[in-house]
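**Q** Here you go, one structure.
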Amino acid sequence: VGVCLFYFTLLFFTLSIFVCVYKGMRTRRGLCYPNPKVNMCIENKIIKRKRNDFSGIGDRRKRSKLSPEITGHHPDLFDSLPDDLVVSILCKLTSSAASPADFVNVLITCKRLNGLGHHSLVLSKASQKMLTVKAQNWSESAQRFLKQCADAGNVEACYTLGMIRFYCLQNRGSGASLMAKAAISSHAPSLYSLAVIQFNGSGGSKNDKDLRAGVALCARAAFLGHIDALRELGHCLQDGYGVKQNIAEGRRFLVQANARELAAVLSMTPSALTAGGWLTWNPLPHHRHGAGSGCPLLSDFGCNVPAPEAHPANQFLTEWFLNSSKGGVPGSGLRLCSHAGCGRPESRRHEFRRCSVCGTVNYCSRACQALDWKMRHKAECTPVERWIDEDGENDGNGEMGEEDQNMVES
């Protein structure tokens, strides 16, 4: 009996092992026994058979249990990137964007980029060119986006939206506060614009002028490297306008402004400098003083260099009041600054100075007068004995005479 039980037990374990090997059981390490009929193991992984169930749509939404080697689908590595890294990449993009389209194309890529693209850190790094807005494309959504960038701490957005609100939308308080917010962060164009507002008393009456505040703002902007502010400060010192007269110091500031303007031209890309012959010599008098698109710095010496590019905010003002159907003229009897790159309008009658030689041009500042004189008006100015405005009264806000223009040349 004992021998029979022994052989019976041995036969039972032998059959059990054979059945386990036949069905392809796994070992404790996860490996599979060889199965000659059904190959259910691929690269040491167990793959379940796909169920042919077409009973309902809900089953189709279930994730496939097949391995990537069979389905051909690979996991999306973008989803595994942390948000901090994506925000850092978007900050680099917004700070180097050459147009708003570069940023918009990223926002419409996917939902995640659209959400992270409106992060306050990303909007605070937006470049000047990325915030460029055309006057014909101005809308409530464009204003809302600029306001969102300004709230994020972007000084360029504060300045652009402030200029638009102050001059175009005639929201003087809000526009001035936005420019002041940018000026506190040492934004040179905002400091210079606030100086022009103080010099002219823009948005108020003639008694609201504050010449000393204008000179202080110009000095701060000039210290930060703003060329127009440095040129304006030089004229103020030469004329004793809002500051004690110092002709020698004023001339020194004007020379520095010309030197910085030349340095800005030389820092341009070689393709921009070589296009159109940027340092051509024109020795003849009628060539030297001819009107053109050359830079005002070297026009008296017969040289022709590219004119400085206007700020997007000034381009918006020019388009709004001259080329856009949304804006139009600034108002009845109000004039625009005659410098093509400025675009500032008057906020009241006789706010800007008028040329006393011809009486046909007017400027918001001495810097604009100096730039436009050498770029265009020098060849067009025709002296007259007397000019009278529409009301029959001489302009009481000051004149820019021929001696001022000759001083600019020197």
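The values are calculated or read from the model by the stated rules, or taken from the named source; none is laboratory data. The structure presented is a predicted model; accordingly, all values stated were derived computationally and were not measured. Note: ideal-geometry Cβ built from the backbone for every residue, glycine included; neighbour counts use all protein chains shown. Side chains included, ligands, DNA and RNA excluded: accessible areas come from the protein's heavy atoms. Shrake-Rupley method; radii C 1.70, N 1.55, O 1.52, S 1.80 Å.
**Q** Go through (1) open to solvent by less than 50 Å² (accessible area, probe 1.4 Å); (2) assigned to a helix (DSSP H, G or I); (3) of a type in the set (Ser, Thr, Tyr) and name the single condition residue 141 misses.
**A** Result: residue 141 fails condition (1) only.
**Q** Considering only residues of segment 171-182 that are touching a residue at least 24 places away in the same chain (Cβ under 8 Å) and open to solvent by 10 Å² or more (accessible area, probe 1.4 Å), which is farthest from the chain's Cα centre (by Cα)?
**A** Ranking the qualifying residues of segment 171-182, first place goes to 172.
**Q** Would you check if residue 367 is part of a helix (DSSP H, G or I), out of contact with any Asp or Glu (no Cβ under 8 Å at 6 or more places or on another chain) and either modelled with pLDDT under 80 or open to solvent by less than 70 Å² (accessible area, probe 1.4 Å) (or both)?
**A** No; evaluated as a whole, the condition is false for this residue.
**Q** Further question on the same structure: Given the residues 203, 234, 214, 242, which is the only one that is modelled with pLDDT under 95 and open to solvent by 30 Å² or more (accessible area, probe 1.4 Å)?
**A** Being modelled with pLDDT under 95 and open to solvent by 30 Å² or more (accessible area, probe 1.4 Å) holds for just one of 203, 234, 214, 242, which is 203.
**Q** Search segment 78-97 for residues being of a type in the set (A, V, I, L, M) and part of a loop (DSSP other than H, G, I, E, B), and hand back the single one that is most open to solvent (accessible area, probe 1.4 Å).
**A** Going through the qualifying residues, I end up with 81.
**Q** Kindly provide the set of residues from segment 147-187 that are touching a helix residue (DSSP H, G or I) at 6+ places or on another chain (Cβ under 7 Å) and either of a type in the set (Asp, Glu) or not in a helix (DSSP H, G or I) (or both), ordered by number.
**A** Correct list: 152, 153, 154, 171, 185, 187.
**Q** While we're on this one: Using the structure shown, decide if residue 195 is under 23 Å from the mean Cα position of the chain (by Cα), in a helix (DSSP H, G or I) and buried (at least 24 other Cβ atoms within 10 Å of the Cβ).
**A** yes
**Q** In the list 221, 229, which residue meets the criterion of being over 24 Å from residue 118 (Cα atoms), assigned to a helix (DSSP H, G or I), open to solvent by less than 50 Å² (accessible area, probe 1.4 Å) and touching a residue at least 40 places away in the same chain (Cβ under 8 Å)?
**A** Among 221, 229, only 229 is over 24 Å from residue 118 (Cα atoms), assigned to a helix (DSSP H, G or I), open to solvent by less than 50 Å² (accessible area, probe 1.4 Å) and touching a residue at least 40 places away in the same chain (Cβ under 8 Å).
**Q** A further question on this structure: Looking at segment 373-388, can you tell me whether even one residue there is at pLDDT 80 or above, part of a helix (DSSP H, G or I) and buried (at least 20 other Cβ atoms within 10 Å of the Cβ)?
**A** Yes; the residues of segment 373-388 include at least one that is at pLDDT 80 or above, part of a helix (DSSP H, G or I) and buried (at least 20 other Cβ atoms within 10 Å of the Cβ).
**Q** Can I ask one more? I need the full set of residues from segment 339-364 which are surrounded by 23 or more Cβ atoms within 10 Å (Cβ to Cβ) and under 26 Å from the mean Cα position of the chain (by Cα), in order please.
**A** Those that are surrounded by 23 or more Cβ atoms within 10 Å (Cβ to Cβ) and under 26 Å from the mean Cα position of the chain (by Cα): 339, 342, 343, 344, 345, 364.
**Q** If you go through segment 98-138 one residue at a time, how many are farther than 17 Å from residue 313 by Cα and either assigned to a helix (DSSP H, G or I) or of a type in the set (A, V, I, L, M, F, W, C) (or both)?
**A** 21
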